[in-house]
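Have a look at the structure below, then the notes.
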Amino acid sequence: MDIDRIGDLLLPFINGPVFSGAQAKQLSLYLDHLLKWNAKINLTAVRDPEEICTRHFGESLFAACQLFPEPMAVKSSAIDIGSGAGFPGIPLKIWAPRLNVTLVESNHKKVAFLRETARLLNLDGVEVLPIRAEEVKTKADLVTLRAVEHFDNVLPRAMDLINRDGLLALLVGAGQEQAARSVLPNLLWGTRIPIPLSQRRILLVGRCL
């Protein structure tokens with residue numbers, strides 16, 4: 001897809017054309033790579049390139065904007081649990097190049113995709129762990145969850161991976177908000193933030209005190 005078209009599709013999510021040319025090229029390469037792999041393995045049920053841009057890239061980059069409003073100043077770490085096709089972890093890295101990102105994914109075909117994507121996009125500071133969240137030994141300043149199975153069960157483990165004063169960022173349906181607040185009452189939760197162009201999707205961020 002044309003880089004300018006990708007930029008147009010992402011405008012509602014990033015509050016303006018704030019990408020560099022190199023970042024725009026990375027997104028274009030990522031999209032092409034995802035489409036090729038998606039024809040062989042089921043990375044996403046969404047097949048239309050423009051819908052992938054808005055639903056996956058857009059949602060991930062919206063979270064990136066909210067979490068890192070000054071991306072070039074970021075010097076922290078993130079763990080993306082159940083990374084799948086790399087959302088939101090890889091867009092977070094593209095947005096904030098100095099962020100150290102660990103992608104946790106137990107499906108070995110998806111692990112192969114994530115590793116090849118990191119190489120293709122020349123993403124330094126990206127580690128792909130072919131394990132489940134329960135097996136992760138490190139902690140990070142930010143832990144992200146987007147589309148994971150057994151959501152309620154994963155939440156306590158996600159909290160265990162957050163550094164003191166770190167953040168848990170959930171990209172979820174609005175109906176999952178209460179479950180998150182109930183399962184993790186000790187987090188200092190912010191107000192839900194609606195995802196642009198979505199009726200039910202939200203960003204919910206909690207701070208580990």
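The values are calculated or read from the model by the stated rules, or taken from the named source; none is laboratory data. Not measured: the values here are computed from a predicted model. Neighbour counts run over all protein chains shown; Cβ positions are idealised from the backbone, glycine included.
The condition of being without any contact (Cβ under 8 Å) to a residue 24 or more places away in the chain and among the hydrophobic types (A, V, I, L, M, F, W, C) holds for ALA112. Do you know which residues across the range 197-209 are surrounded by fewer than 16 Cβ atoms within 10 Å (Cβ to Cβ) and either part of a loop (DSSP other than H, G, I, E, B) or of a type in the set (Asp, Glu) (or both)? Selection gives LEU197, SER198, GLN199, ARG200, LEU209. From the set of residues in the range 139-156 that are touching a residue at least 24 places away in the same chain (Cβ under 8 Å) and surrounded by fewer than 13 Cβ atoms within 10 Å (Cβ to Cβ), which is nearest to ILE79 (Cα to Cα)? Of everything passing the filter in the range 139-156, PRO156 is nearest to ILE79 (Cα to Cα). Quick check on my filter: what residues within the range 56-70 are farther than 12 Å from ILE14 by Cα and modelled with pLDDT under 95? Passing the criteria: only GLU70. PRO185 meets all of the listed conditions (1) at pLDDT 95 or above; (2) surrounded by 13 or more Cβ atoms within 10 Å (Cβ to Cβ); (3) of a type outside the set (S, T, N, Q) but one, namely (2). Take ALA180 and tell me if it is farther than 13 Å from ILE81 by Cβ, out of contact with any Asp or Glu (no Cβ under 7 Å at 6 or more places or on another chain) and of a type outside the set (S, T, N, Q). Against the criterion (farther than 13 Å from ILE81 by Cβ, out of contact with any Asp or Glu (no Cβ under 7 Å at 6 or more places or on another chain) and of a type outside the set (S, T, N, Q)), ALA180 qualifies.
Scan the range 189-209 residue by residue and report those that are within 15 Å of PRO88 (Cβ to Cβ) and free of Cβ contacts under 8 Å to residues at least 40 places away in the same chain. Spell out the reasoning first.
Step one: of the range 189-209, the residues within 15 Å of PRO88 (Cβ to Cβ) are 193, 195-196, 198, 201-205.
Residues satisfying the conditions are ILE202, LEU204.
Of the helices (runs of 4 or more DSSP H) entirely within the range 1-93, those holding at least 1 residues that are out of contact with any Leu (no Cβ under 8 Å at 6 or more places or on another chain) and either buried (at least 16 other Cβ atoms within 10 Å of the Cβ) or in contact (Cβ under 8 Å) with a residue 12 or more places away in the chain (or both) occupy 3-14, 21-38, 59-67.
For the range 112-120, the criterion of being surrounded by 14 or more Cβ atoms within 10 Å (Cβ to Cβ), β-branched (Val, Ile, Thr) and within 23 Å of VAL205 (Cα to Cα) is satisfied by no residue at all.
Within the range 157-168, the set of residues being surrounded by 11 or more Cβ atoms within 10 Å (Cβ to Cβ) and more than 17 Å from the chain's Cα centre (by Cα) comprises ARG157, ASP160, ASN163.
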